[in-house]
Amino acid sequence: MRLLAGLPAPQAEAWAPTLLTAHAELLPDWESADLIARARRTRHRRVWKRSRRALRTCSDFLAEEGGGVRRRGFAGTAPRALLQAAAQVEGSVPLAAGPRSATWRLGDTVWKHYPREGAWQSLRRQLGAGPGRAAYRHLAVLELLGLPASRPLAWLPGKQGEWLATPWVEGSPAALEDLIDMAHWLATLHRHGFGLRDAKCSNFRRDAAGVLTLIDADGLTRSCEDAARDLARLVAECPKDGPTTEAILKAYFVTSEQSRDEAFEARFQERLAVFRAKLAR
């Protein structure tokens, strides 16, 4: 089990039948699918556990005395002046703003601020469960998995909320014609046992080398149990003149291990109707 869990998913799946044949006496009632599923769960637990090193001092990261952590070699400081009304920071470019977060580009770094939202959110941050810390760890998970995503540079908590720093991804925003590649990306994530509840174009960029890269990991989940919901959110982006729903589904199922059974189809259609209704408002 540990041997398979230590291999990349495609390799583990290829080796599983050979391993079962070699140890048929020890595992008489096992099938390849059982072994692959157990190896995937073991690999998932390992990755989640290893991602904790991004939150403490180690060879790649350095914990801050006042709280927070940064990647070694990254010396950037949170641009707190941007939180002041009408404040201007030279070279800053606002990228997004909403009630839960605001994002700016400052040179080669993207800074995302998660404001304090009352006593409950304050308590969550004190317990180390704030959204900024979670997004930072999610990016560390994706780095360990080898999936194209922004690298976590720093997570810095403060009285005004949390700051998350990531590198600016040169290239272009993901477009509707990238939905097929996004389906492959999502399917690969699901094969690793993780989910993404807000798979949409605005959370991806295609970098200068043409690689589709996730830039916002706020919606990453530790489980892919509701894979139908994740896929439905992606398909809801599909316009009438873009890739067809069936083309996106085909791309997803070619890469994923999900079974397109009646239960999955029913859940997918249910969530797709909800997402499309929301987007139509």
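Taken together, the values in this text are just the output of simple stated rules run on the coordinates, not laboratory data. Remember, predicted model here, so these are calculated numbers, not experimental data. When we count neighbours, we look across all protein chains shown, and the Cβ atoms used for this are built from the backbone with ideal geometry, even at glycine.
If you model the stretch 171-280 as an ellipsoid using its alpha carbon gyration tensor, with each semi-axis the square root of five times an eigenvalue, the axes come out at 20, 16, 13 Å, biggest first. Remark: the Thr57-Leu83 segment gains 6.5 nm on full extension, using 0.36 nm per residue and subtracting the alpha carbon distance.
Between Ala209 and Arg105, the FRET efficiency estimated from the beta carbon spacing at R0 = 22 angstrom works out to 0.65. Spin-label model, Glu64/Glu31: points 7 Å from Cα along the beta carbon direction are separated by 5.2 nm.
Electrostatic bookkeeping for Asp226 treats Lys and Arg as +1 and Asp and Glu as -1; over the other residues with beta carbon under 13 Å from its beta carbon, the sum is +2. Taking amide hydrogens as placed 1.01 Å from N in the peptide plane, the amide H of Thr213 sits under 5 Å from those of Arg205, Arg206, Asp207, each at least 5 positions away in sequence or on another chain.
Pairs over the 23 Å Cα-Cα cut-off, from the set Lys200/Lys278; Lys250/Lys278; Lys200/Lys250; Lys112/Lys159: Lys250/Lys278. Each residue, Lys159 and Leu147, gets one label point 7 Å from its Cα in the Cβ direction; the gap between the two is 3.8 nm. Using θ = phi - 60° in the Karplus curve 6.51 cos²θ - 1.76 cosθ + 1.60, the 3J(HN,Hα) couplings for the stretch 157-162 round to x, x, 5, 8, x, 10 Hz; x is entered for Gly and Pro. Grab the beta carbon distance between Arg41 and Arg197, set R0 = 25 Å, and tell me the FRET efficiency rounded to 0.05. Given R0 = 25 Å and the Cβ-Cβ separation, E is 0.75.
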